[in-house]
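Values in this text are rule-based calculations from the coordinates and carry no lab data. Please read these numbers as outputs of a predicted model, since none were measured by experiment. A quick note on method: Cβ atoms are made from the backbone with ideal geometry, for glycine too, and the neighbour counts reach across all protein chains shown.
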Amino acid sequence: MTVQALEHVTIRCARLARTRDFYCQMMGLTDGERPDFSFRGHWLYLGGIPVIHLVEAADTGGAGWSREGALPPPPDADAGTGAFDHVAFQGSDFDAMRAKLAEAGLTFRERIVPGGRLKQLFVADPEGVLVEINFRT
């Protein structure tokens, strides 16, 4: 038996509201239904699936427990993403997304993958997680 699909990515947030707003306003995800956990967070939906789970960094009872039962310190957004490099989304309009990121004053980079059939935009979310957006031509 093998896995069938990636369900979600969980991000521990020092900037919970800013991170939610980034994914909803810039990426077009929807803040939706979430179980009544004892800690703050958001489930962000894409196509009816909660693909990004945001958990407040101060959480001491949710995802991220170590084997010893203690959480690492809250993330430092300026320190990068550690061993986790990036999350990628499929985009539909390169020029419109590029303009949206620029209008929001976000720093981003773009790349055309060798072969010319894939354009990419890269932008960091408020927690420092690198977001890749792919546009197939």
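Can you tell me which of 28-38, 5-15 comes out highest on packing, and rank the rest after it, using the mean Cβ neighbours within 10 Å? Write out the running numbers ahead of the final one.
Values: 28-38: 11.6, 5-15: 15.9.
Taking the mean over residues of other Cβ atoms within 10 Å, the ranking is 5-15, 28-38.
Over 15 Å apart: what share of the alpha carbon pairs of the range 92-137 falls there, rounded to a whole percent? Don't skip to the end; give the middle numbers.
Numbers: 431 of 1035 pairs.
That fraction is 42 percent.
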